[in-house]
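The values are calculated or read from the model by the stated rules, or taken from the named source; none is laboratory data. Because the structure is a prediction, the values reported are computed rather than measured. Virtual Cβ from ideal backbone geometry, glycine too; neighbours counted across all protein chains shown.
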Amino acid sequence: MAETNGHSQANGQHVVGTRTVRPDGVDKVTGRARFGADFNLAGQLIGRVLRSPHPHARIVSIDTSKAEALPGVKAVITRADFADQPSEFIPAGEMMMNYKDVVRNVMAREKVLYEGHAVAAVAATSTAIARRALKLIEVQYETLPHVIDVVEAMRPDAPLLHDDLFTVGVEPKPEKPSNIAKRVEIKQGDVEAGFKTADIIVEREFKTAPVHQGYIEPHAALATFSEDGSTELWTTTQGHYIVRAHCARLLGLDIGKVRVTATEIGGGFGGKTVVYLEPLAIALSRKAKRPVKMVMSREEVFKASGPTSGATVRVKLGATKSGKFVAAFAELKYQAGAFQGSPVQPGTMCAYAPYDIEHVHVIGYDVVSNRPKVAAYRAPGAPISEYAVESVVDEIAKKLDIDPIDLRMQNAAHEGTKAAYGPKFGPIGLEETLNAIRKTEHWNAPLRKWQGRGVASGFWFNIGGETCVSLTVNEDGTVSLMAGTPDIGGLRASLAAVAADELGVPYDKVRPIIGDTGSLGFNFLTGGSRSAFSGSMAIVEAAKQIKADLCARAGKLWEAKPDQVEFSEGHVRPLGALAEKVKPMSVADFAKVAGKTGGPIGGVGRINAQGAGPSFGTHLVDLEVDPETGRTTILRYTVAQDAGRALHPAYVEGQYQGGAVQGIGWALNEEYVYGADGKLQNAGFLDYRMPVASDVPMIDAILVEVANPKHPYGVRGVGETPIVPPLGAIANAMEAATGIRFTELPMSPPKVLKALKDKGLSKV
Amino acid sequence: MAKHHIEAKVNGDPVEFLCETEDTLLDVLRDTLSLTGSKEGCSSGDCGACSVILDGRLVCSCLVLGCEVGGRSVETIEGMAKGETLHPLQKRFLEAAALQCGICTPGFLVASRALLEKTTNPTEHEVRYWLAGNLCRCTGYDKIVTAVMDTAAAMRKG
Amino acid sequence: MRYEAPESVEGAVALLAGAKGEARVLAGGTDLLVQMRADVVDPELIVDIKKIAETRAVTEEKGGWRIGAAVTGAELKEHPRLKQVWPGLVEAANLIGSTQVQGRATLGGNLCNGSPAADSVPALIAAGAVATLAGPKGKRDLPVEDVMLGPRKLALTKGEIIVSFLLPPRPARSSDAYLRFIPRTEMDIAVVGAGVSLTLDGGGTITAARVSLGAVAARVLLVQEAAQAIIGSRLDKPAQDRLEAAARAACRPIDDKRGTTEFRIDVAAVLTRRAALIALDRARTS
């Protein structure tokens, strides 16, 4: 059987690359789509969590008796309801976590380690009763000194969070525990020697504050536990198989007895790759013998989910006077929150990844502190380190009087470059994005006083991973597609397009759904910009099986040999002389005779997707500063990013635009504000200031496509890179507008005005 | 304390429900009337995901008590389409990919509908400021604003 | 939790005066409901005043305007005449929160929430508005600047509600403006708020002025010195400098998550000057 790699329809048309309407769209615009908190079961109880008011304290005792006695309360759980877990590291999105920490984050054991840390939970017949029950739980705390800031936490005399945490990655092995969980390092060449050959060296220290992913939908879970030890769970998550694994582990259940449905998800950005409510809901349901529904309030989301690290980053970059980068050093100190596991490792790897530099040395420290355990936030770690590097690159461009795009082009990583963190790049699109920006009208548009323009590039590796997709041909020729990675923003449209082109079936005859964990083999979570990349790869596999099957069926029907049939453009076609005897048969034709020709028609792609291609992006931003108030207005924004191949251009553009605006918020106004008492002062959307529609202009998105040779369609993941360049681009634009290099984020008005005044630049 | 017995109109249909004093209109819509299209993002009036139209006025349903709507008319996302015919805004949002995760979409559609019923030719500035009370974290607002303006243009053509 | 919606002022007063536990007035609910949900307040009684006709009316009175305490910002904006006479007040009321919030928020609620950062209050004070209160002892009038004594502290006694506000008659060549500083473009609580109202003579000289600053002290300030600084001038540069200095001197702000002391003082000066220039421009063309 010969098969052409026909990624096109019967009439030669491709759906891939066109702007189709997403198949799940109507439910989303009518309010019918069901997100986490939209699910209900008859007889359900409402669960709520009691949370620590202290940033750091020993739990002396917990007395739940009064709460248990309150009429309407059906179950109360504490640390006593969770078996301790031995230390074991497992992947969590693109980071690693330790089950010993997970069980403690889900429910505090010996200590509470941040304000908001879960201490107990109740299930009651109404929200009002549940809230009253929480007030009846008596917890005795022995408060301890706390530490928030990463540099403070690294001091030898800092309050210690874990007395069994010994820094990994330093020699000799430390004898005393500390808050420094880990030291990581990447090295290439000899930076000391490299710096000696530099004509110019710029060294700067930068500071960023913790920020939250800011998804609009709070965490929600609904669990029902049966007497035979099986449980069903509906949860808003980026990875329902991961949730299943965690819950099975934490509750001592067989994985096969835990069935998790990923509801529609109202944003995640990495923050919904871990568990918070799910194990609690199951444990409560088990105790109460009724379904339990739990939803976080917005305050709980801020205080008790997983914002990203605040950090201190020192960068030292050396270049020749012609602009060649010769040596690059950086030291990153990232907060992990209450338990180890900040994204300092990827931050370390990404810092200099856009550049081809002979001598590179980056050191990173993972540091615990008394704030919520960090979770992934879109390209975790990279926005922070690349903000610092791109700022210094810009400073070098100014000092050498070299155009900032030319400087980046001169040093840009390209195919064959060996990245300091290990691999050699295949074909990549950084130079293409730089050129695309340079060609825009934006790049040359005139600017006025107090307006500035900044450019920055960024990178994220992207991942593949375990993926399972099933394609089923129904009796009427329609195709049911079941994927296992929650759709956070248009995935079903892209996958349906691929399936349509693979099988030569009209797009609207493909019905994609996200299956629950009982319906498909293991799928790693939606993260790492992997879902379209891996899902489409798995569909190609599944389609291959179907095509081979249909060719075999045709062989029997037509009494033909394998080399007389081939699948192309949606049909099994007779070749050679056979073509005069029989007509081609479409997938729909076979569907009608499926039973007679062997049974149901379908395929399952089960892969561990390899060959993820990195995505590079370059951002260009114009802004204006009001010198009398320090307020910054974003005037214009352009994104150019390499998608490899855009399966659905509008949803790829959407990723670019969304990431850019998250970056605008992070650069200008978003930050966790702690009081001296270690408590969060802005746990709401009023004072945690994310961009609103009037804060930003249109975001022009340029799709660059440098095909990834390792993917059948050339796809690269695109979801994460967009948040990497904005911090640097905006900081660079601020420098251009004010002459001041801001080394601390966010660049909020009080800071900007003060800096202007200190330099005598403001008349105020 | 006995619950309040409230009669109101929701999406043109008469409804009757019981609620406690502290139940918001959002609680009533979602938990009592099973209209889960309006979403709870913050319960403090800062995100707009719960937007509804109350007696012709765009409001956050988390900022209205259930017992305040006796005799009043509430329009939610569920009432925006007419039978199988989507509202032009709903249609345009789909065509323009003006949604990604979709959690903010009901709020944006209700708010945009209220805008276009007031102004047939809003400028980009006016659209952005009118919608400033609706948070979106996925799209960066670009395609939403374009979709609203394109719909306004299409509706002006009639 | 009881909910009552009386249809008369006397009914509301009687309910509040007779309340045994914590009682709260409900107008727009944009502060009360948030505080209830956050467990900051747990009232036993909620008195909804929106069914009381006097709180919902906007009428001309003695050459001025009487605005009911429960008229929403959106309704003020839609009133055909009000924004021509008092553009600053109308724009201030329509800066509170979002479009959705403006659909419910009221002048009475904004004032009685007792936040020195309230957006409509500096504009009300600059306008010279007088609040009409009703209580168990009867009615009384109180200039708005005397209503808020401190954060969450009002001059109202038990059982008293604000029924309406009276804006004075507007001489020719008068106008007002309100500006606030927020880090974003919408949605934030004012870090500084400045309301300026002024009247010009035929030659363009300022003959009367009122300046009010919000979010820079424990209460919203009526800054007499700032008004004195510009009365008799045409708001030339020296007058603007005097105005800014007076604004600075009046500030007693706090350092908090929304702004530092230094920042608030600096921006108060800038916004007062900018608001005065806008009011001047409007007054010239009014």
Scope the stretch C:254-286; condition assigned to a helix (DSSP H, G or I) and either among the β-branched types (Val, Ile, Thr) or at positive phi (or both); matching residues: C:261, C:265, C:267, C:270, C:272, C:278, C:285
Residue that is farthest from residue C:91 (Cα to Cα) [pool: residues in the stretch B:106-135 that are free of Cβ contacts under 8 Å to residues at least 12 places away in the same chain and within 7 Å of another protein chain (Cβ to nearest Cβ)]: B:132
Residues of the stretch C:149-171 satisfying the condition of being touching a residue at least 40 places away in the same chain (Cβ under 8 Å) and closer than 19 Å to residue C:127 by Cα: C:149, C:162, C:163, C:164, C:165, C:166, C:167, C:168, C:169, C:170
Condition check for residue C:121: in contact (Cβ under 8 Å) with a residue 40 or more places away in the chain, closer than 27 Å to residue B:62 by Cβ, away from chain B (no Cβ under 14 Å) and not basic (Lys, Arg): yes
Failed item, numbered, when residue A:504 is tested on (1) over 30 Å from residue A:376 (Cβ atoms); (2) touching a Phe, Trp or Tyr at 6+ places or on another chain (Cβ under 6 Å): (2)
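Filter the stretch A:612-644 for residues that are outside any strand (DSSP E or B) and small (Gly, Ala, Ser) and give the result. If you could, list the steps in order and put the result at the bottom.
First, pick out the residues of the stretch A:612-644 that are outside any strand (DSSP E or B): A:612-614, A:626-631, A:643-644.
Those that are outside any strand (DSSP E or B) and small (Gly, Ala, Ser): A:612, A:613, A:630, A:643, A:644.
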Residue A:282, sole failed condition from (1) outside any helix (DSSP H, G or I); (2) more than 25 Å from the chain's Cα centre (by Cα); (3) buried (at least 20 other Cβ atoms within 10 Å of the Cβ): (1)
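Return a yes/no flag: does the stretch A:417-424 have any residue that is surrounded by fewer than 16 Cβ atoms within 10 Å (Cβ to Cβ) and of a type in the set (Gly, Ala, Ser). Can you show your working first?
Initially, the stretch A:417-424 is screened for residues surrounded by fewer than 16 Cβ atoms within 10 Å (Cβ to Cβ), giving A:418, A:422-424.
Right, trim to of a type in the set (Gly, Ala, Ser) and you get A:422.
For the stretch A:417-424, residues surrounded by fewer than 16 Cβ atoms within 10 Å (Cβ to Cβ) and of a type in the set (Gly, Ala, Ser): present.
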The stretch A:740-764: number of residues that are in a loop (DSSP other than H, G, I, E, B), within 11 Å of chain C (Cβ to nearest Cβ) and either under 31 Å from the mean Cα position of the chain (by Cα) or crowded, with 16+ Cβ neighbours inside 10 Å (or both): 5
Within the stretch A:186-275, strands (runs of 3 or more DSSP E) holding 2 or more residues that are among the basic types (Lys, Arg) and closer than 30 Å to residue A:152 by Cα: A:200-208
Those residues of the stretch C:14-49 which are in contact with an Asp or Glu (Cβ under 8 Å, 6 or more places away or on another chain), surrounded by 14 or more Cβ atoms within 10 Å (Cβ to Cβ) and either at the interface with chain B (Cβ under 10 Å from one of its Cβ atoms) or assigned to a helix (DSSP H, G or I) (or both), in sequence order: C:15, C:16, C:26, C:29, C:36, C:38, C:43, C:44, C:45, C:46, C:48
Residue count for the stretch A:70-89, restricted to those that are more than 30 Å from residue A:676 (Cα to Cα) and touching a residue at least 40 places away in the same chain (Cβ under 8 Å): 12
Residue count, the stretch A:683-698 (criterion: outside any helix (DSSP H, G or I) and more than 27 Å from residue A:741 (Cα to Cα)): 4
Matching residues in the stretch A:129-159 - criterion: being under 35 Å from the mean Cα position of the chain (by Cα) and aliphatic (A, V, I, L, M): A:130, A:134, A:144, A:147, A:148, A:150, A:151, A:153, A:154, A:158
Qualifying residues in the stretch A:676-690 (those that are within 14 Å of chain B (Cβ to nearest Cβ) and small (Gly, Ala, Ser)) - the one surrounded by the fewest Cβ atoms within 10 Å (Cβ to Cβ): A:684
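Look through the stretch A:622-675, keep the residues that are polar (S, T, N, Q) and touching a Leu at 6+ places or on another chain (Cβ under 7 Å), and return whichever of them is surrounded by the most Cβ atoms within 10 Å (Cβ to Cβ).
We begin by selecting, within the stretch A:622-675, every residue polar (S, T, N, Q); these are A:629, A:632-633, A:638, A:641, A:655, A:657, A:662, A:669.
Filter once more, keeping what is touching a Leu at 6+ places or on another chain (Cβ under 7 Å): A:629, A:632-633, A:638.
On the way: A:629: 24, A:632: 27, A:633: 15, A:638: 24.
Looking at the filtered set, the residue picked out is A:632.
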Pairs, first without any contact (Cβ under 8 Å) to a residue 24 or more places away in the chain in the stretch A:552-578, second of a type in the set (A, V, I, L, M, F, W, C) and surrounded by fewer than 20 Cβ atoms within 10 Å (Cβ to Cβ), C-beta under 6 Å, six or more apart: A:560/A:578; A:564/A:575; A:564/A:578; A:574/A:582
Cβ-Cβ under 9 Å pairs, at least 6 apart or on other chains, the stretch C:172-191 side within 13 Å of residue C:280 (Cα to Cα) and acidic (Asp, Glu), far side in a strand (DSSP E or B) and at pLDDT 95 or above: C:176/C:195; C:176/C:196; C:176/C:197; C:176/C:198; C:176/C:210
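Looking at the stretch A:299-383, what strands (runs of 3 or more DSSP E) fall wholly within it and have at least 1 residues that are β-branched (Val, Ile, Thr), touching a helix residue (DSSP H, G or I) at 6+ places or on another chain (Cβ under 9 Å) and within 18 Å of residue A:161 (Cα to Cα)?
Filter on the stretch A:299-383 gives A:359-368.
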Given (1) free of Cβ contacts under 8 Å to residues at least 24 places away in the same chain; (2) surrounded by 18 or more Cβ atoms within 10 Å (Cβ to Cβ), index of the condition residue A:137 fails: (1)
Any hit, the stretch C:227-237, residues being under 14 Å from residue C:126 (Cβ atoms) and free of Cβ contacts under 8 Å to residues at least 40 places away in the same chain: yes
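Results for (1) hydrophobic (A, V, I, L, M, F, W, C); (2) in contact with a strand residue (DSSP E or B) (Cβ under 7 Å, 6 or more places away or on another chain); (3) at positive phi; (4) touching a residue at least 60 places away in the same chain (Cβ under 8 Å), shown as yes or no for each residue.
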| residue | (1), (2), (3), (4) |
| --- | --- |
| A:307 | no, no, no, yes |
| A:333 | no, yes, no, yes |
| A:340 | no, yes, no, yes |
| A:350 | yes, yes, no, yes |
| A:364 | no, yes, no, yes |
| A:382 | yes, yes, no, yes |
Matching residues in the stretch B:35-44 - criterion: being under 22 Å from residue B:4 (Cβ atoms) and either more than 8 Å from every other protein chain (Cβ to nearest Cβ) or in contact (Cβ under 8 Å) with a residue 60 or more places away in the chain (or both): B:38
Residue under evaluation residue B:103, criteria (1) outside any helix (DSSP H, G or I); (2) under 18 Å from the mean Cα position of the chain (by Cα); (3) within 14 Å of chain C (Cβ to nearest Cβ); (4) touching a residue at least 60 places away in the same chain (Cβ under 8 Å), criterion not met: (3)
Pairs, first under 22 Å from residue A:490 (Cβ atoms) and in a helix (DSSP H, G or I) in the stretch B:83-95, second among the small types (Gly, Ala, Ser) and at pLDDT 95 or above, C-beta under 7 Å, six or more apart: B:88/B:154; B:89/B:112; B:90/B:81; B:92/B:147; B:93/B:147; B:94/A:25
